[in-house]
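Let me begin by presenting the structure, written as structure tokens, before commenting on it.
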Amino acid sequence: MNLGKVTGVISNLIFIEAHGAVTQNEICLIHTENKKLMAEVIRVTGTRVSAQLFESSMTIKMGSRVDFTGKMLEVELGPGILSKKYDGLQNDLAKMSGLFIDIGQTTPPLDNDVYYGFTPLAQEGETVQAGDWLGSVKENWIDHKIMVPFKLEGTYTVESIVKKGDYLINDVVAVLSSEVGEKIEVTMVQKWPVKRAINTFKQKVRPNTILQTGLRVIDTLNPIAEGGTGYIPGPFGTGKTVLQQAIAKNSKTDVLMIVACGERANEVVEIFTEFPQLTDPVTGRTLDEKTTIICNTSNMPVAAREASVYVGMTLAEYYRAMGLKVLILADSTSRWAQALREMSNRMEELPGPDAFPVELPAVIANFYSRAGLTELNNGAWGSVTFIGTVSPAGGNFKEPVTESTSKVARCFYALSQKRADAKRYPAIDPIASYSKYLDYPEFVDNADKFIQEGWVAKVQKCKDIIRNGLEARDQISILGDDAVPLDYHIAFWKSEMIDFALIQQDSFDDVDMNTSLERQKYMFNKIMEIGEREFVFFEFEQVGTFFKQLINILKQMNYSPFDSAQFKKYAKELEMAIQKNKEGTLTE
């Protein structure tokens with residue numbers, strides 16, 4: 001272990017004189033009166049080292065001893081991660097005492113005294129490699145795979161593996177032998193550096209299957225794929241956090257990672273209190289059982305914001321290696337970027353646009369690239385889907401963080417201040433938003449096969465109807481109701497029907513808050529049948545009256561359980577209302 005001493009302190013930027021070799025991103029421990037504070041090396045110039053401290057620097061003195069560990073920032077991977085609430089460094093918040101986190105306070109991330117029922121999956125004499133499954137234990141309802149340590153290279157032979165039974169996480173469950181005869185003891189726990197991607201899979205392929213979020217404006221109009229990436233930019237007050245929480249509650253995934261990166265503490269506390277009481281739509285169990293929260297709120301150390309997003313992604317990759325569908329939500333990546341800017345400015349680096357570091361686009365691109373759909377060595381499939389929120393100042397989508405994110409994320413969910421002010425929630429702008437997965441041939445083929453033939457083409461036609469309606473609205477606003485052709489009113493009200501019946505969704509209604517893909521297909525076809533139909537009117541007042549009636553019926557269908565007697569009753573009413581205005585007839 002190399003040593004050093006503190007030569008300067010600027011807030012959480014620590015200057016150190018090193019007495020030996022030091023590497024970039026190495027973790028060092030700074031001695032204070034009775035604790036060791038963790039910091040990460042971010043610049044090395046000869047023997048002069050700059051490190052970002054993950055704590056308050058109030059107790060650090062000039063000349064304080066520094067120990068360089070020779071390791072990067074690591075997380076512990078093993079059973080017991082789910083249902084946990086961690087800080088940005090994977091300290092278990094539930095094990096901490098007091099109302100506030102003390103400087104240098106650490107807690108073990110896993111429960112070392114809990115027994116897990118181990119079932120072997122590998123056999124003695126079997127050849128394995130990093131990431132292969134040796135056994136499994138039950139973690140809540142999930143089959144948590146115990147894997148060959150990711151750090152091992154080459155192939156190994158299973159010398160021995162324990163029988164089915166209950167074991168502690170640090171008990172040896174298997175012994176592996178390398179090609180040169182080296183013996184490796186394997187427990188249920190392993191460590192992995194957070195800034196290195198876990199790449200123990202056979203291949204990563206382009207996402208091709210829709211990730212069901214239960215939100216119609218996403219699943220139908222701008223779908224995100226399993227293993228895909230998306231981001232939600234929007235000014236303050238447009239509902240970014242609420243939208244992310246709705247996705248978290250309703251998405252059909254196996255594991256959920258929530259990273260509160262610089263968010264306000266009250267929003268995180270809301271997640272802490274709500275999630276244990278919510279029901280997972282996939283399993284019917286509590287949502288908390290498949291969720292891990294990495295919490296680094298705005299009043300915690302700035303440097304830990306960066307660590308928190310990497311911790312969340314590493315935990316997500318770990319569960320992907322078990323063949324599970326993982327969704328990771330980060331709120332907000334803008335505050336992570338602000339932490340990078342703050343540290344870059346303190347080190348007097350050459351600034352980029354808006355004083356962000358010049359390497360910001362590369363950092364964001366590298367992080368988003370860790371999501372994806374992967375085929376494992378045994379033929380199973382796993383995925384990490386990443387959705388981050390961005391908080392551009394003043395709603396300016398041209399600022400560096402939003403611009404850099406738009407280059408790498410495949411889905412863009414633009415939150416509109418106008419829609420939020422009009423209480424049209426979710427406030428996602430259906431035209432400004434997009435999903436590039438609709439252009440993927442693999443995604444189109446999959447949608448044709450598992451949803452319906454020509455699904456993507458129909459979605460594009462729906463967007464054309466919305467776009468035409470918005471253009472007609474502008475003309476009506478400028479020229480007046482009676483100064484434009486009736487076709488303008490029809491186009492406008494068709495787009496309004498799509499908005500009220502398809503895009504808008506009631507998060508406070510048990511039925512409407514989560515719409516299955518089967519139901520979305522049925523309702524979308526009904527709405528598009530109306531949208532593509534030719535209607536005949538003689539006065540513009542007739543148009544509004546007719547479509548308001550249809551909107552009311554469609555809204556009632558949204559509030560009724562799918563295929564119930566009540567639902568079928570409203571469906572029949574809808575057909576009768578449409579029949580009253582067949583082509584060439586008057587509206588009553």
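The values are calculated or read from the model by the stated rules, or taken from the named source; none is laboratory data. Keep in mind it's a predicted model, so treat the numbers as computed, not measured. All Cβ positions, even for glycine, are placed from backbone atoms using ideal geometry, and neighbour counts span all protein chains on display. For accessibility, only protein heavy atoms count, side chains too; no ligands or nucleic acids. Shrake-Rupley method; radii C 1.70, N 1.55, O 1.52, S 1.80 Å.
Key figures
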{"item": "Considering only region 203-435, percent of DSSP beta bridges that pair antiparallel, nearest 5", "result": "35 percent"}
{"item": "Residue 403 accessible area, assembled protein chains, probe 1.4 Å, Å²", "result": "70 Å²"}
{"item": "The chain - share of DSSP beta bridges that are antiparallel (%, nearest 5)", "result": "70 percent"}
{"item": "Interchain or long-range residues, amide H under 5 Å from residue 414's placed H", "result": "429, 433, 434"}
{"item": "Hydrodynamic radius of region 255-349 per Kirkwood, over alpha carbon pairs, in Å", "result": "14.2 Å"}
{"item": "Region 116-193 - Rg (one decimal) and Dmax (whole number), Cα, Å", "result": "11.8, 39"}
{"item": "Diffusion constant of region 455-582 at 37 °C, which comes from Stokes-Einstein with the Kirkwood Cα-pair radius and 0.692 mPa s, µm²/s", "result": "215 µm²/s"}
{"item": "Per residue value of the accessible surface for region 1-147 (all protein chains in place, 1.4 Å probe), Å²", "result": "46 Å²"}
{"item": "Karplus 3J(HN,Hα) series, Hz, for region 275-282 with 6.51 cos²θ - 1.76 cosθ + 1.60 (x for Gly, Pro)", "result": "4, x, 9, 8, 9, 6, x, 7"}
{"item": "Computed Rg/Rh of region 2-72, alpha carbon atoms with Kirkwood Rh", "result": "0.90"}
{"item": "Quarter of Cα convex hull surface for the chain, i.e. mean projection, nm²", "result": "30.2 nm²"}
{"item": "Net +/- balance of residues flanking residue 96 in space, Cβ distance below 9 Å, scoring K and R +1, D and E -1", "result": "-2"}
{"item": "Out-of-range pairs (alpha-carbon distance over 29 Å; input 36/407; 145/407; 85/195)", "result": "36/407; 145/407"}
{"item": "Sites excluded, chymotrypsin sites (Phe, Trp or Tyr not before Pro) in DSSP loops with at most 10 other C-beta within 10 Å, longest stretch of the chain", "result": "101-507"}
{"item": "For region 99-158 versus region 285-334, the gap between their alpha-carbon centres in whole angstrom", "result": "18 Å"}
{"item": "Rounded to the nearest 10 Å², the accessible area of residue 350 at probe 1.4 Å", "result": "140 Å²"}
{"item": "Contour minus Cα-Cα distance for residue 184 and residue 481 (0.36 nm per residue)", "result": "99.0 nm"}
{"item": "Heavy-atom accessible area ranking, 1.4 Å probe, most first, across 19, 31", "result": "19, 31"}
{"item": "For region 159-233 and region 351-418, distance of Cα centres in Å", "result": "21 Å"}
{"item": "Span-like helix ranges in the chain, DSSP H, alpha carbon extent 30 angstrom or more, Kyte mean at least -1.0", "result": "455-479"}
{"item": "Cut-off under 5 Å, modelled amide H: who pairs with residue 132 long-range", "result": "148"}
{"item": "Stretchable slack from residue 2 to residue 407, in nm (0.36 nm times residue separation minus alpha-carbon distance)", "result": "141.7 nm"}
{"item": "Phi-based couplings in Hz for region 504-515 (Karplus 6.51, -1.76, 1.60; Gly and Pro marked x)", "result": "6, 8, 9, 6, 9, 9, 4, 8, 6, 5, 9, 10"}
{"item": "Two-decimal Rg/Rh across region 144-258, once Rg and the Kirkwood Rh are taken from alpha-carbon atoms", "result": "1.12"}
